[in-house]
Amino acid sequence: MRLTRYFLPVLKETPAEAQIVSHRLMLRAGMIKQAAAGIYSWLPLGYKVLKNIETIVHEEQQRAGHIPMLMPTLQSADLWRESGRFDAYGPEMLRIKDRQDRDMLYGPTNEEMITDIFRSHVSSYKDLPLTLYHIQWKFRDEMRPRFGVMRGREFLMKDGYNFDLTKEDALHAYNRHLVSYLRTYERMGLQAIPMRADSGPIGGDDTHEFLVLAETGESEVFYDAEITDLKFGDREIDYDSREACQAVLEEFTSRYARTDETHDEAVFNEIPEERRRVARGIEVGQIFYFGTKYSEPMGAMVQTPEGGRVPVHMGSHGIGVSRLLGAIIEASHDDKGIIWPEGVTPFHVGIVNLKQGDAEADAACESLYRQITDLGLEPLYDDREERAGGKFATMDLIGLPWRITVGPRGLKNGVVELTSRRTGESEEMAPEAAVARIAGIYGKG
Ligand code: 5CA
């Protein structure tokens, strides 16, 4: 993409309404624009990162054997009356009437709708296990929408639902989700710690929230510092293996890590004092096992191998897709702007032309642009007639992890400059060497 042909409405001023750094930076970098309280338009740069996050979520869900689909945002109130949640959900649910005066709602979550789909089409244990998921907009009329996409009213969520014959099978699905989430967040450059939590309006006893540690997080958390040493890394897990998933669950949940709702001071105090941590975190996901809470009242029954009929065991599993942009920025920025992890960056590398209009500099930039594009990567070429300082400031603000700077002086010596956004370190090298380095970084070498 050439910057002169893109739509990147960066702001010079820091918007006064934004209280936390991720919100400020998303507005300044021209990623989002507020449409109404807690509701945002995703401008091209923000939309690109959102799509990258979605892609990682899809890939990791499908790696775990979960099946993608799409349910609507608007739902009929009748389904929610069956589960009893139409009244129970409270004022967070946006209730709408259609022209026939029928009660509708903008879905805050989809347990009822998926249970209805299941009961219409599945009646035998032979079709189990089954996990369906979608990535869809949700609406929750939050009392205090704030911090930009972090606590929105309209927000994008991955919500997945497992259907199993027995509690034991459903707990395997729970563990499988936990493992796949660890991998998902790490690919986004995040450490998200599973913590024992409270299930709230979704229900059930077993639930973990995934928290990214950040001072601006809305949740107070208590944990054993040893947990931050754990890395999932690039291990290959057989998601069908109960033992393998159980082992990972035990590794990542055996140390103390809880949100304030489930915190137990006495147990916490058993940890050696130097390892006790009280901090704040951003909740980027939550997994639930709730058994037959929805299948029983809604009659989602399956035939057992012995010929009986039992309500199916379920759980649901959410990832805050749009919230993740805020969480990643909170975890990865500096005074100058965002620092995108390579896994989610909107463009793989920036190309800065120090002297637009100089025949040699223009040609070198065009050549880099073509070579990088040919690798299947996306460069952002700042081809504006703008002074170098302004171009650097824009690149630093929007946070591309790598920048190639091209100027007539360097070209005389046959070199361009490759700069890491994270470390600020620059290296001079031949243009071909810079392309090769970028290829290597993104696994295209
Ligand atoms: N049905 C279950 C799991 S699919 C569910 O709704 N879980 S949840 O309520 O925990 O939401 C899942 C994730 O969505 C949360 O972990 C959080 O990351 C994100 N989320 C929840 N509310 C908001 C909000 N108001 N703005 C942005 N993200 C949110």
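FYI, it's all coordinate maths here, none of it is from the lab. All of these numbers come straight from a predicted model, not from anything done at the bench. When we count neighbours, we look across all protein chains shown, and the Cβ atoms used for this are built from the backbone with ideal geometry, even at glycine.
The table that follows gives values for the structure above.
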{"read-out": "Shape call, the range 349-441: gyration tensor on alpha carbons, a/c limit 1.5", "value": "rounded"}
{"read-out": "Inter-site label distance for GLN303 and GLU215 at 7 Å from Cα along Cβ, in nm", "value": "6.2 nm"}
{"read-out": "Pairwise label distance in nanometres, ARG280 with ASP374, each label 7 Å out on the Cα-Cβ vector", "value": "5.0 nm"}
{"read-out": "Residue order, fewest to most beta carbons within 10 Å, for LEU74, LEU190", "value": "LEU74, LEU190"}
{"read-out": "Part-to-part distance (alpha-carbon centres) for the range 127-174 and the range 373-445, which is given in Å", "value": "39 Å"}
{"read-out": "Residues THR109, THR304, THR253 arranged by fewest to most Cβ contacts within 10 Å", "value": "THR304, THR253, THR109"}
{"read-out": "Those lysines that a straight Cα-Cα span of less than 30 Å connects to LYS158, excepting residues fewer than 8 apart in one chain", "value": "LYS33, LYS48, LYS51, LYS97, LYS126, LYS138, LYS167, LYS231, LYS293, LYS444"}
{"read-out": "Label-point gap, in nm, between SER426 and GLU386 - each point 7 angstrom along Cα→Cβ", "value": "1.7 nm"}
{"read-out": "The chain: proportion of alpha-carbon pairs further apart than 38 angstrom, %", "value": "31 percent"}
{"read-out": "Cα lying deepest toward the dipole's positive end in the range 3-338, options SER120, TYR181, ILE56, charges on Cβ", "value": "ILE56"}
{"read-out": "Per-residue [θ]222 nm for the chain (sum of -39500 (n - 2.57) over DSSP H runs n ≥ 4, rounded to 500)", "value": "-9500 deg cm²/dmol"}
{"read-out": "Residue order, fewest to most surrounding Cβ atoms within 10 angstrom, among TYR223, TYR106", "value": "TYR106, TYR223"}
{"read-out": "Fraction of antiparallel bridges per DSSP, the range 3-338 only, in percent to nearest 5", "value": "95 percent"}
{"read-out": "Cβ charges +1 (Lys, Arg) and -1 (Asp, Glu), total dipole of the chain, debye", "value": "1440 debye"}
{"read-out": "Percent of beta bridges antiparallel (DSSP, the range 349-441, rounded to nearest 5)", "value": "50 percent"}
